[in-house]
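Below you'll find the structure, written out as structure tokens, and then a few comments.
Just so you know, all these numbers are worked out from the coordinates, no wet-lab data involved. Keep in mind that this is a model prediction, so the values were computed, not measured. A quick note on method: Cβ atoms are made from the backbone with ideal geometry, for glycine too, and the neighbour counts reach across all protein chains shown.
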Amino acid sequence: MASTAADTTTSPVEMTSPKLNGVAKNQRLPKSPEQLLKEKRRRICVFSTKGYDRTFLTAALKALPESDKMELIFHKCALDIDSADLTKGSGAVCVFVNDNVGKDVVQKLHDNGVEAILLRCAGFNNVCLTQAETCGMFVANVPSYSPEAVAEFALSLLQTLNRNTHRAYNRVREGNFNLEGLLGRTINGKTVGVIGTGRIGVAFARIMSGFGCKILAYDPFQSSEFEKYGEYLTLEELLPQCDFVSLHCPLMDSTRQIINKNTLKLMKRGAMLVNTSRGALIDTDQVIKSLKDRTLGGLALDVYEGEGELFYNDHSDDIIQDDQLMRLMTFPNVIVCGHQAFFTEEALGEIADATLENAGDYVKGMPCPNSLVRNKHLLVRRDSKPIRI
Ligand SMILES: NC(=O)c1ccc[n+]([C@@H]2O[C@H](COP(=O)([O-])OP(=O)(O)OC[C@H]3O[C@@H](n4cnc5c(N)ncnc54)[C@H](O)[C@@H]3O)[C@@H](O)[C@H]2O)c1
């Protein structure tokens, strides 16, 4: 089966031999229920697709052996309670970071006969896993795809903010070569705080240690991999020491607004904060206050709490209603990008391959190393190992 841009309905089998078991050429035989079920399982409704998603997923599909082929039905729209009806007749949905796979949507998918939710991303905070567990659905993500892609982007943000390259770029285009206001700091010898030392946090620590920085980290689950580059401290010990802080933990109840009024107060005056993880790790109101009183020296965001309404689409003709985001964008020392840290050719290729591998495990009923929910059991990995919560 192949990828398609429109919904398809199941079609009866076409006989190819002139006469087989007494059936004339081109005579249509009804499909057996088993055959229809098998076909449904292989049909994946892919939401929130852009041209690049279609390109990389189609290429990954082409590379699969014939026996593992799926049918991909690409939708440009995001998955939500209204678009969930597009999934009828499909065995699986494939979603991205801003698709809404909350409790009611999971239930609707289940009612529509969908059995699997395939995330083509690492974060799964937009999926109600407990409802998927109740409904007995298969859920899998792509936990690791070029962590260096995100870590390198965090570094790019950090250095752009620190050296004011974003301002220099605009000035020079206007013929303004004045350096006033562009003063940065040499990062060699500075102290960098890494919150969350999973795949991306460790990759970021490795990069920053290459710059000759002192690396401190906070993570309730310490990793020997990180210890090659720096030292673990509590968050309260770490924040007052760091010139730059970069967030690399997932969004969970325990990490929501990990950067808040209290933790902002602990930060070194003038320190810069980088967030490439999830917007809600930050209390945006409090961050704006800290930027206004200059206690926070700069903010670089690739993610934003209200991004679901805006990111990945062109709103240049709209009046953007999000006043917090618009306020943030007025600061000279704030950079906002539209959730693009993952966006490299390498990462898109890895995401597409891993998504189809997860889909193959679901179709074949095989154990999937990337399962978050399987056989009515909720699994969440802290790192590569699944742990039961
Ligand atoms: N901007 C992007 O394009 C992009 C791309 C991929 C991932 N991400 C984000 O990056 C996050 C990290 O990705 P990863 O692959 O490194 O994940 P990971 O699972 O390998 O690592 C997450 C780390 O966070 C730690 N952690 C858990 N609770 C914590 C807490 N309370 N405080 C501090 N640390 C805590 C875990 O112990 C783990 O070591 C993802 O959850 C996702 O939200 C963003």
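Nearest 500 deg cm²/dmol is fine: what mean residue ellipticity at 222 nm does the chain get from its DSSP H runs of n ≥ 4 alone, each adding -39,500 (n - 2.57), divided by its residue count?
For the chain, the value works out to -9000 deg cm²/dmol.
Can you sort Cys337, Cys242, Cys249 from fewest to most other Cβ atoms within 10 Å of each residue's own Cβ?
Listed from fewest to most nearby Cβ atoms, that is Cys337, Cys249, Cys242.
Share of Cα-Cα pairs in the chain beyond 27 Å, in percent?
Here the tail beyond 27 Å accounts for 54 percent of pairs.
Do any of Lys38/Lys88; Lys88/Lys364; Lys40/Lys364; Lys214/Lys261; Lys38/Lys69; Lys38/Lys103 go past 18 Å between their Cα atoms, and which?
Checking Cα-Cα distances, Lys88/Lys364; Lys214/Lys261; Lys38/Lys103 exceed 18 Å.
Can you sort Asp302, Asp53 by how many other beta carbons sit within 10 Å, fewest first? Write down the numbers at each step before the final one.
On the way: Asp302 26, Asp53 22.
The order, fewest Cβ neighbours first, is Asp53, Asp302.
Pull out the extension gain between Ser144 and Asn178, defined as 0.36 nm times the separation in residues minus the alpha carbon to alpha carbon distance; nm, one decimal.
This chain segment gains 8.0 nm when fully extended.
What is the projected area of the convex hull of the Cα atoms of the stretch 147-336, averaged over all directions, in nm²?
11.2
If each residue of separation counts as 0.36 nm, what is the full-extension length gain between Ala63 and Asp111 once their alpha-carbon separation is subtracted? Please list the in-between numbers first.
Numbers: separation 48, 0.36 × 48 = 17.28 nm, distance 3.25 nm.
Difference between extended and current length: 14.0 nm.
Could you estimate the translational diffusion coefficient of the stretch 136-216 from the Stokes-Einstein equation, with Rh from the Kirkwood formula over C-alpha pairs, at 37 °C and 0.692 mPa s, in whole µm²/s? Numbers along the way, then the final one.
Working: Rh = 14.9 Å.
Using the Kirkwood radius from Cα pairs, D works out to 221 µm²/s.
Scan the chain and note any complete DSSP helix (H) whose C-alpha atoms cover at least 15 Å along its axis and whose Kyte-Doolittle average is 0.5 or more.
199-210
Run the quick spin-label model on Glu309 and Glu236: label points 7 Å from Cα toward the beta carbon, then report their separation in nm to one decimal.
Computed distance between label sites Glu309 and Glu236 equals 3.7 nm.
So, in Å, what gap is there between the alpha-carbon centers of the stretch 279-325 and the stretch 168-186?
24
According to the square roots a ≥ b ≥ c of the eigenvalues of the Cα gyration tensor, what is the shape class of the stretch 206-277, taking rounded for a/c under 1.5, prolate for a/b larger than b/c otherwise, and oblate for the remainder?
It is oblate, given that a/c is not under 1.5 and a/b is not larger than b/c.
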